[in-house]
Structures are given as C-alpha cells and as structure tokens.
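Student: Let me give you the structure first, and then I'll get to my questions.
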Amino acid sequence: MENLDKENKYYRAKARVEAIKKFYLSLASYVVFIGFLAALNYWVNQWQYAWFLWAAFGWGIGLVFHAVKVFGVNAFFGRNWEERKIKEFMQDDEIHNKWS
C-alpha cells in the first residue's frame, strides 16, 4: 500500500512538472512570436498603428488563464504564505527587541 502511495505521488508530481514545462514553453512562444509581430509592425508602418497589440492582448489573456490553471489562483501568496509571514515578522521583532 505504501509503495502504491509513493508511485501515485510520483506520477502526480511528474504531471505537475509537465504542466509547468508546457506553460513555460507557451510563455517563450508568446515572447518570441509577439516580438516578431512587433518588429513586423514597425517595419511595415513605423508604429502608425500598433496592430500587434491586439494579438498580444488576446494571446496574453489565454496565457493568464493557462498560468492560473498551472499555478493556481494564489500563486503569489500560496497556501502557507500567511503563516510564513507571521513567523518572519515574529523573528524580526525578536531580533529588533533583543538589541533595544
């Protein structure tokens, strides 16, 4: 039973790594392709109308949804963010009060 649990954890972790890898590949494709479109836009009409921004905006929305799917809504704060910050502030307070 324990071996099966370890195997399931491994496959879940592997699937998560694959999802993160796909996101970063999508992000790299976005940067390269939008950069190409920006250069083409500049070459064709010298920024008279920045039409490449429409593609950047549309693809960017999809990229944001992809990031939320991969990293979750609370990617910046995470699950334990509050607890970590409380401990960090308590340690800072101990250090500063120690020398006062």
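Student: Could you pull out every whole DSSP H run in the chain that spans at least 15 Å of Cα extent along its own axis and averages -0.5 or higher on the Kyte-Doolittle scale? Write out the running numbers ahead of the final one.
Tutor: Numbers: long enough: 2-45 (64 Å, -0.04); 52-71 (27 Å, 1.56); 81-98 (25 Å, -1.92).
Membrane-span-like by this criterion, though nothing is claimed about a membrane: 2-45, 52-71.
Student: While we're on this one: Subtract the Cα-Cα distance of Ala55 and Leu4 from 0.36 nm times their separation in residues, and report this length gain in nm to one decimal.
Tutor: On the way: separation 51, 0.36 × 51 = 18.36 nm, distance 4.59 nm.
Contour length minus the Cα-Cα distance gives 13.8 nm.
Student: What does the charge dipole of the chain about its Cα centre add up to, to the nearest 20 debye, if the Cβ of each Lys and Arg holds +1 and the Cβ of each Asp and Glu holds -1? Could the numbers behind the result be given before it?
Tutor: Values: 13 positive and 10 negative charges, 73 e Å.
Approximately 340 debye in magnitude.
Here, each number is a calculation from the coordinates, and none is a lab measurement. This one's a predicted model, so the numbers in the text were calculated from it and none came from an experiment. No Cβ is skipped: glycine too gets one built from the backbone with ideal geometry, and neighbour counts run over all protein chains shown.
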